[in-house]
1. With the requirement that a residue be touching a Leu at 6+ places or on another chain (Cβ under 9 Å) and either open to solvent by 10 Å² or more (accessible area, probe 1.4 Å) or not in a helix (DSSP H, G or I) (or both), what does the stretch 86-106 give you?
2. How do the pairs read when you match residues in the stretch 217-237 that are under 10 Å from Leu297 (Cα atoms) with residues anywhere that are surrounded by 10 or more Cβ atoms within 10 Å (Cβ to Cβ) and among the small types (Gly, Ala, Ser), using Cβ under 9 Å and keeping only pairs 6 or more apart or on different chains?
3. So which helices (runs of 4 or more DSSP H) stay within the stretch 257-374 end to end and still have 2 or more residues that are surrounded by 16 or more Cβ atoms within 10 Å (Cβ to Cβ), at pLDDT below 85 and of a type in the set (Ser, Thr, Tyr)?
4. What is the number of the single condition among (1) assigned to a loop (DSSP other than H, G, I, E, B); (2) open to solvent by 60 Å² or more (accessible area, probe 1.4 Å) that Thr245 does not meet?
5. In the stretch 312-328, what count of residues is obtained for those that are within 18 Å of Leu220 (Cα to Cα) and without any contact (Cβ under 8 Å) to a residue 12 or more places away in the chain?
6. Please pick out the residue among Thr54, Thr66 that is farther than 30 Å from Pro232 by Cβ, among the hydroxyl-bearing types (Ser, Thr, Tyr) and at pLDDT 70 or above.
7. Collect the residues in the stretch 107-121 that are under 17 Å from the mean Cα position of the chain (by Cα) and either among the hydroxyl-bearing types (Ser, Thr, Tyr) or surrounded by fewer than 23 Cβ atoms within 10 Å (Cβ to Cβ) (or both), keeping them in residue-number order.
8. Where residues in the stretch 28-48 are surrounded by fewer than 24 Cβ atoms within 10 Å (Cβ to Cβ) and in contact with a Leu (Cβ under 9 Å, 6 or more places away or on another chain), which of them is modelled with the lowest pLDDT?
Amino acid sequence: MTTGNIASKKERKSRRNKPVDENAPLLPKRQEDVGFDEFNGASFTGAVFNLSTTIVGAGIMALPATMKVLGLVLGVSLIIFMAFLAEASIEMLLRFSRAGKCASYGGLMGDAFGKTGRIMLQVAVLINNVGVLIVYMIIIGDVLSGTSSSGSHHAGVLEGWFGEHWWNARTFVLLVTTLAVFSPLACFKRIDSLSYTSALSVALAVVFLIITVGITIVKLINGSIAMPRLMPNVTDMTSFWKLFTTVPVLVTAYICHYNVHSIDNELEDSTQIKPVVRTALALCSSVYMMTSIFGFLLFGDATLDDVLANFDTNLGIPYSSLLNDAVRVSYAAHLMLVFPIVFFPLRLNLDGLLFPSAQPFHQANTRFALVTIGLISLIFLGANFIPSIWDAFQFTGATAAVCLGFIFPASITLRDRHNIASKRDRILCIFMIALAVFSNGVAIYSDAYALIKKNPSPRE
C-alpha cells in the first residue's frame, strides 16, 4: 500500500458524512483545489485549542467580580451549569446540521428560516465580532500605552518601563501591533493554520492563572487573606437585583458557536467534533473556575469589574511590580492571539453577506485581501478614535452573543424541520430562550442605568 493510498483513505474518511452547502456564508468546507490538496485534515488537539481560544477572550477577567456578587458556591455552580448548557446548544446545532446537510451555522439558519434566517445570523456575527475585536484592541492599547479617565492617568506597561515617548503612544503602538501581529495572522485561509497560536493563547491564559494562584497561596500563608464569602449577601431589594447583573457575563462566557462548523469541517475525522467540544468546554471551565476562585480570594470585596485593573496596585508581596507587569503583558499577548480566531468567522460572514453567489472565498485572492484590509482598518479606527464605543458594544455584543449561543440554536430546534427534536429538547430550548431574553433585558437595563448615572439630566 502506497502513501498516496493511505492519504486517499484518510481524505475519504475525513469527508464522510460532511455536508455540502455551496451558499453557506461561513464557507467552512475544504475545496479540492490547488493549494489545499496537501491538507489532510485538522488534528484533534489543534481543534481543541482553536475552540478554546474562541471561548476564552476578555470575558475571563470579569468572572472574579461575579464571585464577589454571587459568592463562591453559587458562582462556581453557575459556571459549571452554563458549560453544560453551552454543550447542549452546540450539540443541537451539530445534530440539525447533519440532518439538513448544512456545512455552516449560516447554512443551518437558512435551512430552518430561509434567506432571512441566514442574514440574521450573518448580521449577529458581524455585530458581535466587530464589537469584541474593537474592545480587544482598546484593552491592548490600555495595557501597553495606558489610559486616562475621570482626570486620572493609568500608565501602560511600556510607559512604565521607558517613560512617555512618541513611539509608545496609543495610536502608534496599536498601528505596530496591527501591522506586525494582526495582519499576518489574518492572512491564513484555514482556521487550522491558527492552531499553534491558539495553543500559545491558551498557555498565556494559564500563565495569568498560575501567577494569580501563586500570589494567592503566598498571601494565604502569611495570613493576609480573609475568608471569602461563600454565598451572596442579600440584605435588601437593591442587593437582590444586583445578583442578576452577573447573568450577561455568565451567559456569554462560553459563546463559540460561530466557529464550531469551521472547525468541524476541517477535522480529519468529523466524528471527533463532539469530543472536541466537550474537551474544550472542560478545559475552559477549569480555567474559569480557577480564575474566579483565586481572583476573588486574592482581592476579596475589592475585586473590580475587570480584575486586570486590580493588578495596577501594590500586591503587598515581594516583586509586586514585576508580577503586575507579567500579568498585564501575558493578558495583552493572549488577546493578540485570540484576535485572528474571532476575525476568521467575521470575515467569512461579511463576504457571505456581500457576495452570496460569488466563487468560494479562499479562491478569490483579491476579494479576500480587500475584505481583510477593510475589516482590520475599521477595527483599528474604532479602537483609536471612538474608545467610548466600549459601552455601546458591551450592549450590542451581549445581545448578539446570546442570539448566537442560545436563541438561534433553540429556535432551529423548535422549528424542527427534520422532525428529530425530542420533548426534552423543546423544554430545554424554551428555557434557553427565556434565559437569553432575561439576560438581554438585564444587559439593556444595566447599561442604560449606567449611562443615565454617567450623564445626569441638566435639570437635576
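1. Initially, the stretch 86-106 is screened for residues touching a Leu at 6+ places or on another chain (Cβ under 9 Å), giving 86-90, 92-93, 96-97, 100, 102-106.
Hits for the stretch 86-106 are Glu87, Ala88, Gly100, Cys102, Ala103, Ser104.
2. Within 9 Å, the pairs are Lys219/Gly316; Ile225/Gly300; Ala226/Gly300; Pro228/Gly71; Pro228/Gly300; Arg229/Gly71; Arg229/Gly300.
3. Values: elements: 257-266, 273-299, 320-354.
Result: empty, no element qualifies.
4. (1)
5. Taking the stretch 312-328 and keeping what is within 18 Å of Leu220 (Cα to Cα), we get 314-320, 323.
Retained after the next criterion (residues that are without any contact (Cβ under 8 Å) to a residue 12 or more places away in the chain): 314, 318-320.
Matching residues across the stretch 312-328 total 4.
6. Values: Thr66 fails: farther than 30 Å from Pro232 by Cβ.
Just a single option satisfies the conditions, and that option is Thr54.
7. So in the stretch 107-121, the residues under 17 Å from the mean Cα position of the chain (by Cα) come out as 121.
Of everything in the stretch 107-121, nothing turns out to be under 17 Å from the mean Cα position of the chain (by Cα) and either among the hydroxyl-bearing types (Ser, Thr, Tyr) or surrounded by fewer than 23 Cβ atoms within 10 Å (Cβ to Cβ) (or both).
8. In the first step, residues of the stretch 28-48 are kept if they are surrounded by fewer than 24 Cβ atoms within 10 Å (Cβ to Cβ); the result is 29-41, 43-46.
From what's left, in contact with a Leu (Cβ under 9 Å, 6 or more places away or on another chain): 41, 43-44, 46.
On the way: Gly41: 68, Ser43: 82, Phe44: 86, Gly46: 86.
Checked the stretch 28-48; the qualifying residue modelled with the lowest pLDDT is Gly41.
The values are calculated or read from the model by the stated rules, or taken from the named source; none is laboratory data. Predicted model, so just to flag it, every value in this text is computed and none were measured. Glycine gets a Cβ as well: all are built from the backbone with ideal geometry, and neighbour counts include every protein chain shown. Keep in mind that these areas ignore ligands, DNA and RNA; they rest on the heavy atoms of the full protein, side chains included. Shrake-Rupley method; radii C 1.70, N 1.55, O 1.52, S 1.80 Å.
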